[in-house]
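The values are calculated or read from the model by the stated rules, or taken from the named source; none is laboratory data. Values in this document were obtained by computation on a predicted structure and should not be read as measured data. Using ideal geometry, Cβ is built from the backbone for each residue, glycine included, and neighbour counts are taken over all protein chains shown. Just the protein is used for accessible areas: all its heavy atoms, side chains included, with ligands, DNA and RNA removed. Shrake-Rupley method; radii C 1.70, N 1.55, O 1.52, S 1.80 Å.
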Amino acid sequence: MKAGTRLHSSVCDTSVVIVRPADGVALECGGHPMSETADSPRIEADLNASTGTVMGKRYEDAETGLEVLCVKAGAGSLSIAGRPLSFKEAKTLPSSD
């Protein structure tokens, strides 16, 4: 997977764009792998992995360095090998006083 790749969930409407790729990882949404095709059949989400995604937010995995941008929100949550991704906090800018 490389920067700019768009991935789609197979359990909900979530779509993400890879911002910072990581080698050898499989991004999951709702407990199931994401794919590059948007027309995949719907699978039932894992109840433990359905906290949702928020459009416009960046998610990251500190262990692998993977960073994605959510471009379409959905009910599934993002994870790698069952480990949930966290929100990437915005950097605070210095004041211009």
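Does Gly76 fit the bill of being within 15 Å of the chain's Cα centre (by Cα), on the phi > 0 side of the Ramachandran plot, at pLDDT below 90 and open to solvent by less than 20 Å² (accessible area, probe 1.4 Å)? Outline the logic, then answer.
Numbers: within 15 Å of the chain's Cα centre (by Cα): yes; on the phi > 0 side of the Ramachandran plot: no; at pLDDT below 90: yes; open to solvent by less than 20 Å² (accessible area, probe 1.4 Å): yes.
It is false that Gly76 is within 15 Å of the chain's Cα centre (by Cα), on the phi > 0 side of the Ramachandran plot, at pLDDT below 90 and open to solvent by less than 20 Å² (accessible area, probe 1.4 Å).
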Scanning segment 1-12 for residues that are modelled with pLDDT of 90 or more and among the small types (Gly, Ala, Ser), the one least open to solvent (accessible area, probe 1.4 Å) turns out to be Ser9
Filter result (assigned to a loop (DSSP other than H, G, I, E, B) and closer than 13 Å to Glu60 by Cβ) within segment 75-90: Leu85, Lys88, Glu89, Ala90
Do we find a residue being without any contact (Cβ under 8 Å) to a residue 24 or more places away in the chain and among the small types (Gly, Ala, Ser) anywhere in segment 76-85? no
I'd like the residue in segment 13-27 that is exposed (fewer than 15 other Cβ atoms within 10 Å of the Cβ) and small (Gly, Ala, Ser) and, out of all such residues, is modelled with the highest pLDDT. Ala26
Filter segment 33-60 for residues that are more than 17 Å from Lys88 (Cβ to Cβ), at pLDDT 90 or above and either open to solvent by less than 20 Å² (accessible area, probe 1.4 Å) or not in a loop (DSSP other than H, G, I, E, B) (or both) and give the result. Pro33, Ser35
